[in-house]
Amino acid sequence: MLRPGERPKGGQGEAAFWLPLLALFGGERLSELSGLRVSDVVHNEMIGAVSIYIREDRKAGRRLKTRQSERFIPVHTQLIEIGFLDFVAAQSKARGNEGWLFPLVAPGTKGAAAYSKWFGRYVGAHGVTDPAKVFHSFRHSFIDALRIADVSDEVKHALLGWSGGGIPAKYGAKDKAARFRHRLSEAVERVDFRGLDLWKLQRKPL
């Protein structure tokens with residue numbers, strides 16, 4: 001795990017620190033996180049929580065794996081406590097609400113591919129020798145955590161952007177938010193990784 005101020009050059013700036021944490025506590029794919037704009041981190045009234053809006057914008061180079069991938073993912077309280085919203089506010093001030101949240105890995109750059117290669121080298125240098133342990137493994141860890149927390153299949157499908165699970169194929173992000181509301185944020189808050197302590201990463205009060 002990176003230290004609070006550690007940003008390895010190959011990790012593309014703030015992406016090195018935040019992308020693994022977001023994927024671990026939200027199950028987003030690397031391509032989904034790298035395409036976020038500042039405005040995609042919003043307080044969703046229906047869900048009742050700050051959420052990440054995963055959506056497609058082909059003109060900007062943002063593509064989703066499937067139509068069902070469009071969704072809102074509530075931001076886990078632990079990430080807010082260590083300063084994620086402070087980071088978003090700083091990006092908004094620097095680049096505006098329509099700026100890329102992680103500009104060094106954004107669509108139209110080669111940053112996401114470089115990040116993926118760097119991540120493999122980084123975890124290898126820190127003792128992870130299993131070649132199957134890649135960035136996408138965070139998504140599998142999130143899925144396992146939802147299962148352990150006994151989250152219902154339909155809520156799991158809504159959070160992960162999967163088809164089926166009792167959710168109509170035509171449902172977009174807003175439809176899922178309207179259907180499940182606070183159940184989405186409650187499910188994310190139940191995600192827990194025993195032994196993972198993020199308190200050392202918490203920002204000090206200004």
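Each reported figure results from applying straightforward, stated rules to the coordinates on display, with no laboratory input. Predicted, not measured: the structure shown is a model, and the values here were computed from it. Neighbour counts run over all protein chains shown; Cβ positions are idealised from the backbone, glycine included.
Amide H contacts under 5 Å for R62: D57, restricted to partners 5 or more places along the chain or on a different chain, H placed in the peptide plane at 1.01 Å from N. Across segment 183-188, computed HN-Hα scalar couplings (Karplus, 6.51 cos²θ - 1.76 cosθ + 1.60, θ = phi - 60°) run 4, 5, 5, 5, 5, 5 Hz from first to last residue, x flagging Gly and Pro.
For K9 and I148, the FRET efficiency from 1/(1 + (r/R0)^6), where r spans their Cβ atoms and R0 equals 41 Å, is about 0.70.
Taking the empirical scaling 2.2 N^0.38 Å for compact globular proteins as reference, the chain has a Cα radius of gyration ratio of 0.98. Once C-alpha pairs closer than 8 Å and six or more residues apart are averaged by separation and normalised to the residue number of segment 8-154, the relative contact order reads 34 percent.
Here the gap between K65 and V42, fully extended at 0.36 nm per residue and compared with their Cα-Cα distance, gives a gain of 6.1 nm.
Relative to the current alpha-carbon distance between A125 and R183, full extension at 0.36 nm per residue lengthens the span by 17.0 nm. Ranking T77, N97, V123 by how far each Cα lies toward the positive end of the dipole of segment 74-206 (charges on Cβ) leaves N97 at the top.
Shown is the FRET efficiency for W199 and K174, computed with R0 = 30 Å from the Cβ-Cβ distance and rounded to the nearest 0.05: 0.30.
Using a cut-off of 24 Å between Cα atoms, the listed pairs K59/K110; K65/K156; K93/K200; K59/K117; K65/K170 include K93/K200; K59/K117 as exceeding that distance.
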